[in-house]
Amino acid sequence: MATIERGGVLLFLKRWLRAPLSTGAVVPSGRRLAAAMARATLAASAGRPGPVIELGAGTGEVTKALLAAGIAPERLVLIERDPAFATFLRQNFAGLTIIQGDAADLPRLLADNGIDRIAAVVSSLPLLSLPAEIVAGIVRGIFETLPRGGGMVQFTYGPRPPVPLVLREELRLHGTASRRIWLNVPPAVVWTFTRPDAA
Ligand SMILES: C[S@@+](CC[C@H](N)C(=O)[O-])C[C@H]1O[C@@H](n2cnc3c(N)ncnc32)[C@H](O)[C@@H]1O
């Protein structure tokens, strides 16, 4: 496991040097942040049938925490755009569905893989460093695929919610935040966005 972790950190650094904006961080998420993402995802998916979709899985730090929190491997679908990360994930996580693709194509990627009902979405996508129209396309796609009441979990290093106000208003999203995880580098907050049944 230590070798996998070292390999993952090195790969992360290399991909960040090649594509800093879309990689979004120099190193993978820390253990405490990953565990907080997993707790929020467990809560968002409780009692909801179907797979849990992880967007921007990178080297699988959040994936490991989701598995450790009890989400079954066959229920996890990872979507990662970077081919080097997708290969790393396939080599290190057996029994999960790993799709190399763009989160902006989420509805099509799910349809192509025969997935029509999902339980929750957990995203580590670097929303703050992506252009506004790309973020809008990704978030609209997520809420097109999530049933009413379903949740999108997303962390941010920033002081504000990672889904911009204009989109939260358009989609009538309700957001709740965790406490800031000060021991992550940099400190982060985990948000859960839902579109209430009555919206
Ligand atoms: C900040 S890293 C998070 C990696 C990992 N989940 C973690 O927490 O350590 C963001 C990840 O999102 C991926 N990514 C960026 N844009 C993407 C997109 N449009 N579709 C799918 N993955 C994307 C990057 O390649 C990278 O793996």
For residues that are within 13 Å of the ligand (Cβ to nearest atom), touching a Ser or Thr at 6+ places or on another chain (Cβ under 7 Å) and hydrophobic (A, V, I, L, M, F, W, C), tally how many sit in region 128-160. 3
Qualifying residue in region 161-184 (condition: in contact with a strand residue (DSSP E or B) (Cβ under 9 Å, 6 or more places away or on another chain), outside any loop (DSSP other than H, G, I, E, B) and within 20 Å of Thr63 (Cβ to Cβ)): yes
Let me spell it out: the conditions are (1) surrounded by fewer than 18 Cβ atoms within 10 Å (Cβ to Cβ); (2) in contact with a Leu (Cβ under 8 Å, 6 or more places away or on another chain), and Leu17 meets all of them except one. Which number is the exception? (2)
Does region 141-160 include one or more residues that are part of a strand (DSSP E or B) and surrounded by fewer than 20 Cβ atoms within 10 Å (Cβ to Cβ)? yes
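Checking the conditions here, which among Ala119, Ala111, Ala68, Ala103 is without any contact (Cβ under 8 Å) to a residue 12 or more places away in the chain and either closer than 26 Å to Lys14 by Cβ or of a type in the set (A, V, I, L, M, F, W, C) (or both)?
Details: Ala119 fails: without any contact (Cβ under 8 Å) to a residue 12 or more places away in the chain; Ala68 fails: without any contact (Cβ under 8 Å) to a residue 12 or more places away in the chain; Ala103 fails: without any contact (Cβ under 8 Å) to a residue 12 or more places away in the chain.
Residue meeting the stated conditions: Ala111.
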Residue in region 20-38 that is surrounded by the most Cβ atoms within 10 Å (Cβ to Cβ), counting only those that are touching a helix residue (DSSP H, G or I) at 6+ places or on another chain (Cβ under 7 Å) and under 23 Å from Ala72 (Cβ atoms): Met37
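Answer with yes or no whether Thr59 is touching a residue at least 24 places away in the same chain (Cβ under 8 Å), under 13 Å from Val153 (Cα atoms) and not acidic (Asp, Glu).
Numbers: touching a residue at least 24 places away in the same chain (Cβ under 8 Å): yes; under 13 Å from Val153 (Cα atoms): no; not acidic (Asp, Glu): yes.
Against the criterion (touching a residue at least 24 places away in the same chain (Cβ under 8 Å), under 13 Å from Val153 (Cα atoms) and not acidic (Asp, Glu)), Thr59 does not qualify.
When you scan region 123-137, how many residues do you find that are in a helix (DSSP H, G or I) and surrounded by fewer than 20 Cβ atoms within 10 Å (Cβ to Cβ)? Spell out how you get there, then give the answer.
As a first pass, look at region 123-137 and keep what is in a helix (DSSP H, G or I): 127-129, 132-137.
Imposing the further condition that a residue be surrounded by fewer than 20 Cβ atoms within 10 Å (Cβ to Cβ) reduces the set to 128-129, 132-134, 136-137.
Number of matching residues: 7.
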Please work out which one of (1) without any contact (Cβ under 8 Å) to a residue 60 or more places away in the chain; (2) under 28 Å from Asp197 (Cα atoms) is the condition Glu54 fails and give its number. (1)
Subset of region 38-65, residues closer than 20 Å to Gly8 by Cβ, over 10 Å from the mean Cα position of the chain (by Cα) and polar (S, T, N, Q), comes to Thr59
Restricting to region 143-163, name every residue that is among the β-branched types (Val, Ile, Thr) and over 14 Å from the mean Cα position of the chain (by Cα). Thr145
Residues being more than 22 Å from Ala19 (Cα to Cα) and not polar (S, T, N, Q): count how many of those fall in region 75-100. 7
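Read-outs: derived from the displayed coordinates by stated rules, not from any lab. Everything numeric in this text was worked out from a predicted model, so none of it was measured. All Cβ positions, even for glycine, are placed from backbone atoms using ideal geometry, and neighbour counts span all protein chains on display.
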